[in-house]
Amino acid sequence: MKKKKSWIDRLKPDRLIERPPLIYRALFPEAIWRHKRRGGKTVYLTFDDGPVPEETPWVLDLLDREGVKATFFMVGDNVRRHPELLEEVKRRGHSYGNHTMHHLQGLKERNKKYFRDITEASELIDSTLFRPPHGIVWPGQARLIKRHYNIVMYDLVTRDYSRRVDGERVLNNVKRLARNGSIIVFHDSIKAHANMRYALPLAIKWLKERGFEFRPLPM
């Protein structure tokens, strides 16, 4: 007999990560979840948690070969250790944003510590764009952050960082969920190495074949 699924299984929590539900988006009206443009089909590739020398140069070289511009949300401590990678992102015409100094999750930190971490990162990352690590903050934190930054969330999380999925699943997430205006999250991090390097080139190819244009998020 087939085992009956629990209500938790039926919710498919992984799917809620891959495309945040409307009820969650409604909690953060200050944030940008999708960036639709009139005419044509556009997507916005974004990369979180870098820059690191093991992954970011590979991503930059691939984007150059494909003629694609993207947006990098950088951890300040990584920029401190590898400032040349931020300069390389700038030189190649990509946009970039603040991802806190130490990749802090807002729900786990007091406001004072969290905002201090964002400010410390901003001294190294001169950008009006901000993405909270894990896409998680308190609504009150978001309202305060919005005073100084454009908060960029996402329309599609590839989950390339997860050990629970393989590269094919990451690619299929793009194929299943990409749409006009999608802000798509990959990671230029060591943790995402195998899944990202498998899925990213194939995702770009698939999106191009379907007429999508790639743009960086405006700073």
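Coordinate-derived values only; no laboratory data. Not measured: the values here are computed from a predicted model. FYI the Cβ positions are ideal-geometry reconstructions off the backbone, even for glycines, and counts take in every protein chain you see.
Taking 7 Å steps out from each Cα toward its Cβ at L107 and I136 produces label points 0.4 nm apart.
Couplings for region 105-113, taken from phi via the Karplus curve 6.51 cos²θ - 1.76 cosθ + 1.60 with θ = phi - 60°, read 8, x, 5, 9, 10, 5, 3, 4, 5 Hz in order; Gly and Pro are left as x. In order along region 167-177, the phi-based Karplus estimate (6.51 cos²θ - 1.76 cosθ + 1.60, θ = phi - 60°) of 3J(HN,Hα) comes to x, 5, 5, 4, 4, 5, 4, 5, 4, 7, 10 Hz; Gly and Pro are listed as x. Placing a pseudo-label 7 Å from each Cα along the Cα-to-Cβ vector at D126 and W206 gives an inter-label distance of 3.9 nm.
Taking every DSSP helix (H) stretch of at least 4 residues in the chain, weighting each as -39,500 (n - 2.57) and dividing the sum by the residue count yields a mean residue ellipticity at 222 nm of -11500 deg cm²/dmol. With only Cα atoms counted, region 53-166 has Rg and Dmax values of 14.6, 43 Å. Summarising the strand pairing of the chain, around 5 percent of its internal DSSP beta bridges are antiparallel. Summarising the label geometry, the points placed 7 Å from Cα in the beta-carbon direction at R91 and H148 lie 3.0 nm from one another. Working from Cα pairs under 8 Å separated by at least six residues, relative contact order for the chain is 31 percent.
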